[in-house]
Amino acid sequence: MARPRKFQAEAAVAKAMEVFWEKGYAAASPQELGERMGLGRGSLYNAFESKQGLFERVLRHYHAHEAPRLLALLSRPGPVKERLRALFLAVIELDVSDPDRKGCLAINTTVELASRDSVAAELASRMFEQTEAAFLALLEEGQRTGQVDATLDARALASFLLNNLTGLRVLAKTAEDAGRLTPIIDVVLRSL
């Protein structure tokens, strides 16, 4: 009979996510991961097979739990541009108010690993696609209701918004406060 696991896998993955988010993939040691998760090194490998296996699980967890909270801002009632503004402002505030300036795990993963780890790159890419799809749906709504210029290519605009959101998240890692970043949002929204 198999011995029952003495830990909650999702809770352990959430703890590992904190380490990877704070340090990045390369700097997150198996020892530190195990300590934060409450697992010995052997137990960590028994449960997740490898550091990379654990990291892939962390990215899936992030995709399922972190991104939807922000994207929910786009589903609220109200004018399309105001919902976009709310998302951009929330992201800036989240990133600038974080004393560790962790930013977005998907962006961090892309910068650190995309050229070397095809699985991590694919998982991060899925997160970007999810955000872009949410932007596209909102923009198409805006075009149907006359809130967004219907002569513009909605797909290109969705990519444009994703690019700007990603850029703002990178800039937020070094911005002293949100005041430097919020005028960018106004320029982005005027282009719609």
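Here is a list: E112, E93. Which entry is in a helix (DSSP H, G or I), out of contact with any helix residue (DSSP H, G or I) (no Cβ under 8 Å at 6 or more places or on another chain) and touching a residue at least 40 places away in the same chain (Cβ under 8 Å)? Outline the logic, then answer.
Numbers: E93 fails: out of contact with any helix residue (DSSP H, G or I) (no Cβ under 8 Å at 6 or more places or on another chain).
Going through E112, E93 in turn, just one is in a helix (DSSP H, G or I), out of contact with any helix residue (DSSP H, G or I) (no Cβ under 8 Å at 6 or more places or on another chain) and touching a residue at least 40 places away in the same chain (Cβ under 8 Å): E112.
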>> If I filter segment 103-117 for residues that are under 30 Å from V148 (Cβ atoms), among the charged types (D, E, K, R) and open to solvent by 40 Å² or more (accessible area, probe 1.4 Å), do I get at least one hit?
In response: no
>> Whether any residue in segment 118-128 is without any contact (Cβ under 8 Å) to a residue 40 or more places away in the chain, in a loop (DSSP other than H, G, I, E, B) and of a type in the set (D, E, K, R) is what I want to check.
In response: no
>> When the residues of segment 129-168 are narrowed to those that are in contact (Cβ under 8 Å) with a residue 60 or more places away in the chain and part of a loop (DSSP other than H, G, I, E, B), which ends up surrounded by the most Cβ atoms within 10 Å (Cβ to Cβ)?
In response: V148
> Given the structure, is G179 out of contact with any helix residue (DSSP H, G or I) (no Cβ under 7 Å at 6 or more places or on another chain), closer than 25 Å to S75 by Cβ and either open to solvent by less than 70 Å² (accessible area, probe 1.4 Å) or not in a helix (DSSP H, G or I) (or both)?
Replying inline: no
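Is it fair to say K81 is in contact (Cβ under 8 Å) with a residue 40 or more places away in the chain, closer than 26 Å to E93 by Cα and open to solvent by 30 Å² or more (accessible area, probe 1.4 Å)? Don't jump to the end; show me each part of the working.
Numbers: in contact (Cβ under 8 Å) with a residue 40 or more places away in the chain: yes; closer than 26 Å to E93 by Cα: yes; open to solvent by 30 Å² or more (accessible area, probe 1.4 Å): yes.
For K81, the condition - in contact (Cβ under 8 Å) with a residue 40 or more places away in the chain, closer than 26 Å to E93 by Cα and open to solvent by 30 Å² or more (accessible area, probe 1.4 Å) - is met.
The values are calculated or read from the model by the stated rules, or taken from the named source; none is laboratory data. Here the structure is a predicted model, which means the values were calculated and not measured. Using ideal geometry, Cβ is built from the backbone for each residue, glycine included, and neighbour counts are taken over all protein chains shown. Side chains are part of the model used for accessible areas, which takes the heavy atoms of the whole protein and leaves out ligands, DNA and RNA. Shrake-Rupley method; radii C 1.70, N 1.55, O 1.52, S 1.80 Å.
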